[in-house]
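Reviewing the structure listed below.
Each value in this text was obtained by applying a stated rule to the coordinates, not by laboratory testing. Values in this document were obtained by computation on a predicted structure and should not be read as measured data. Cβ: placed from backbone, ideal geometry, glycine included. Neighbour counts: every protein chain shown.
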Amino acid sequence: MVRSIQRLLNWTGTRRKRIYIGFVYSFFHTLFTALPVIIAAYSLKLILEDMNGKESLATSSIVYIAISMVIAVAGRFMFGYLRASTQESVGYEVTAEQRIHIGGLLKRVSLGFFHRKKAGDITSAVTTDLSFIEMHGMKMIDVIVNGYISVFTLVLCLAFYHYAVALVAIAGIAFSALFLKLLRSKSEENAPIHQQVKDRMISATIEYIRGMPEVKAYHQQGVTKDSIHKAYEMSKEINIKIEKNYMPYNSLHLLSLHAASTGIVAVSAWLAMNEIIPLSTMIMMVIFSFVIFNQVEAMNNASHVLKVIDATLDKLEEMNETEFLDKHSKEIHLEKFDIQFTNVSFGYEGRQVIRDVSFTVPEHTTTAIVGPSGSGKTTLCKLIARFYDVDQGQIEIGGVNIREVTSESLLKNMSIVFQKVYLFHDTILNNIRFGKPDATLEEVVEVSKKARCHEFIMALPDGYDTMVGEGGSTLSGGEKQRLSIARAMLKDAPIIILDEATASIDPENEHEIQAAISALVAGKTIIIIAHRLATIQHADQIIVLDNGGIAQRGAHEDLIKGDGIYKNFLQIRKRAEGWSL
Ligand SMILES: Nc1ncnc2c1ncn2[C@@H]1O[C@H](COP(=O)(O)OP(=O)(O)OP(=O)(O)O)[C@@H](O)[C@H]1O
């Protein structure tokens, strides 16, 4: 428990000081909570003495008592307020920072990270896991640390009147701590299982939603439903099992505290009967016995919650320790944009996909990459953008090894248009602005006109302010592609990486897209995964990839002279395009 609290305190970073100040407020809050009971007991003593004719109650005593009562109540509220306002917002502040921090981390890791980690794990870390700490982290500090401060203060008050009563309270706390320890060791076993089950549930739900079009198309509701039902069912069973595991220790923890409360009443009554303490003190002790363990009682839940927080902190730490691609890179301002591959090899998790590839893309020229499906065209482009690091060899841009450049300063120089366009659940305007967040509306309209999307945007209900469904679900494939071209155009980067669309786009749409691409690429260094004959023929250089290696390289005129993959490929393309027209 101490270690978990220590971890939570570390998690709060520079705000830890506020938590410590909160502990001091908590001590005074408890003291001022006990004070009215002590004052009431003292008043009772004076009243009894007055009634017994021992000493008459002076008016000044009544005034002092009334003033002390007001001060005690006001002090209690003041310190309660100060503690809450100092400690409680810390969780929300740190969580917000962590979410932004993780967002930043995700931008800097290799794309391989997202294949190794399931989307559900990452989603739950940023949403539910952090929300759990946000909701419960500071409460745990309050329940546990402030709870023990409160008990310690009240035990001190009891000890001030008689040590025996304080000893009974301490015995109760000791037994409760023992059972809490046992409860905690059970939590230790269960927390990782709880976490795994939750991640599995989130992953199954995401997969179910993402795969909905395929599920409907193949009438396979049963398959995905089965896995989601299994995940939910498992979550229910594990949670019930966990609850059953906790029950005996939980009951023993509560029993020891209630027994100690009864013990305080019994011991104080015995002391009063033997005239060791006055009746008023006994009444005060009885009142204390009702409240002394209130906060310690809530610690049964704290054990489990702390363990879940521990598992969450482990997960966040693991994410924080992820190797960034650009950990040892620097901000470098690239001046030239020729691209040089030297003996580059790369594989996904041990499976080699790019084999000893060397070529140069001179600045302001177009290089078309062609080759059969799976030959490594997309991978080659991803390596230029440093979505992954090469395993062997090097890639230089303007003479600088891209390993030395941070992702941010490298990608500043590139506009990438993927075949599969992702649009954010935001307005059309903001989706295009993604290429240049500070662009004015006029700039956005200008590039939209060049990218041939202005007309269809204006035909939408709210024009540029129309919301796009998540992933761009409300727009057609061709419209999405043109929007992404407008986005890239607005970025106006010197290097363009383009994956030419192969999807069945109608001729009119294709013409529009080609016009948009021509406007985008003017004067840039272009690497294009080419499928159309026109694009291939007009490229300055064609790289023919086969099974991850360069099979042929040169201009169209040179390559058609000899036999080889390119010639065959061209014939197939000619037939396909002639057929499609
Ligand atoms: N993230 C990944 N993890 C593991 N293997 C991958 C990954 N991405 C691609 N591959 C594999 O690498 C090989 C090259 O894929 P790549 O996408 O680069 O080919 P491509 O030539 O662009 O294919 P296509 O024309 O069909 O898009 C393929 O065998 C593919 O299965």
Take the alpha-carbon centre of the stretch 243-302, take the same for the stretch 525-580, and report the distance between them in whole Å.
85 Å
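Return ARG108, ARG487, ARG575, ARG200 ranked ascending by Cβ neighbour count within 10 Å, so the fewest neighbours appear first. Provide the component values of the computation, followed by the final result.
On the way: ARG108 17, ARG487 26, ARG575 10, ARG200 20.
Result, fewest neighbours first: ARG575, ARG108, ARG200, ARG487.
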Can you compute the modelled spin-label distance between SER345 and SER56, with each label point 7 Å from Cα toward Cβ, in nm?
10.8 nm
For the chain, take the longest principal axis of its alpha carbons; what is the angle in degrees between that and the long axis of helix 279-291, to the nearest 10 within 0 to 90?
20 degrees
At 7 Å along the Cα-to-beta-carbon direction for both LEU167 and ILE100, put a label point, then send me their distance in nm to one decimal.
5.7 nm
Over the stretch 2-320, what number does the Rg to Rh ratio reach, with both radii from the alpha-carbon atoms and Rh per Kirkwood?
1.13
Whole-Hz ³J(HN,Hα) for each residue in the stretch 568-573, computed from phi via Karplus 6.51 cos²θ - 1.76 cosθ + 1.60 with θ = phi - 60°, x for glycine and proline: what do you get?
4, 4, 5, 5, 5, 4
Placing unit charges on C-beta atoms (Lys and Arg positive, Asp and Glu negative, everything else neutral), compute the dipole magnitude of the chain about its Cα centre in debye, rounded to 20.
860 debye
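Over the Cα atoms of the chain, Rg to Rh with Kirkwood Rh, two decimal places? Show your work: numbers first, answer last.
Details: Rg = 35.3 Å, Rh = 29.9 Å.
Rounded to two decimals, Rg over Rh is 1.18.
Hey, what number do you get for the chain at 222 nm if only DSSP H runs of n ≥ 4 count, each worth -39500 (n - 2.57), divided across all residues, to the nearest 500? It would help to have the intermediate numbers written out before the result.
Working: 23 runs with 372 residues, N = 581.
One gets -21500 deg cm²/dmol as the mean residue ellipticity at 222 nm.
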Please list 137-148, 18-29 highest first by mean number of surrounding beta-carbon atoms within 10 Å per residue.
137-148, 18-29
Please list, ordered by chain and number, the residues whose modelled amide H lies under 5 Å from the amide H of THR427; skip anything fewer than 5 residues away on the same chain.
VAL468
Full-extension gain between TYR208 and SER251, please, as 0.36 nm times their residue separation minus the C-alpha to C-alpha distance.
11.4 nm
Just to be sure I understand the model, the point goes 7 Å from the Cα along the line to the Cβ. What's the resulting ILE67 to ASP563 distance in nm?
11.3 nm
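With +1 on each Lys and Arg Cβ and -1 on each Asp and Glu Cβ, how big is the dipole of the stretch 2-320 about its Cα centre, in debye rounded to the nearest 20? Before the final figure, lay out the partial values.
Working: 31 positive and 25 negative charges, 201 e Å.
Charge dipole, the stretch 2-320, about its Cα centre: 960 debye, nearest 20.
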May I ask which residue of ILE264, TYR92, ILE395 lies farthest towards the positive end of the charge dipole of the chain, with charges of +1 (Lys, Arg) and -1 (Asp, Glu) on Cβ and the Cα centre as origin?
ILE264
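Going through the cross-link list LYS377/LYS436; LYS139/LYS307; LYS450/LYS491; LYS327/LYS436; LYS315/LYS382, which pairs have a Cα-Cα distance over 18 Å in this structure?
On the way: LYS377/LYS436 28 Å; LYS139/LYS307 14 Å; LYS450/LYS491 14 Å; LYS327/LYS436 25 Å; LYS315/LYS382 28 Å.
Where the Cα-Cα span goes over 18 Å, the pairs concerned are LYS377/LYS436; LYS327/LYS436; LYS315/LYS382.
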Qualifying aspartates and glutamates (Cα of each under 16 Å from Cα of LYS412; at least 8 residues distant if same chain):
ASP326, GLU331, GLU335, ASP338, GLU396, GLU404, ASP438, ASP492
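At a Förster radius of 51 Å, what calculated FRET efficiency corresponds to the Cβ-Cβ distance of ARG575 and PHE424, to the nearest 0.05? Mind dumping the intermediate values first?
Working: r = 39 Å, r/R0 = 0.77.
Plugging the Cβ-Cβ distance into 1/(1 + (r/R0)^6) gives 0.85.
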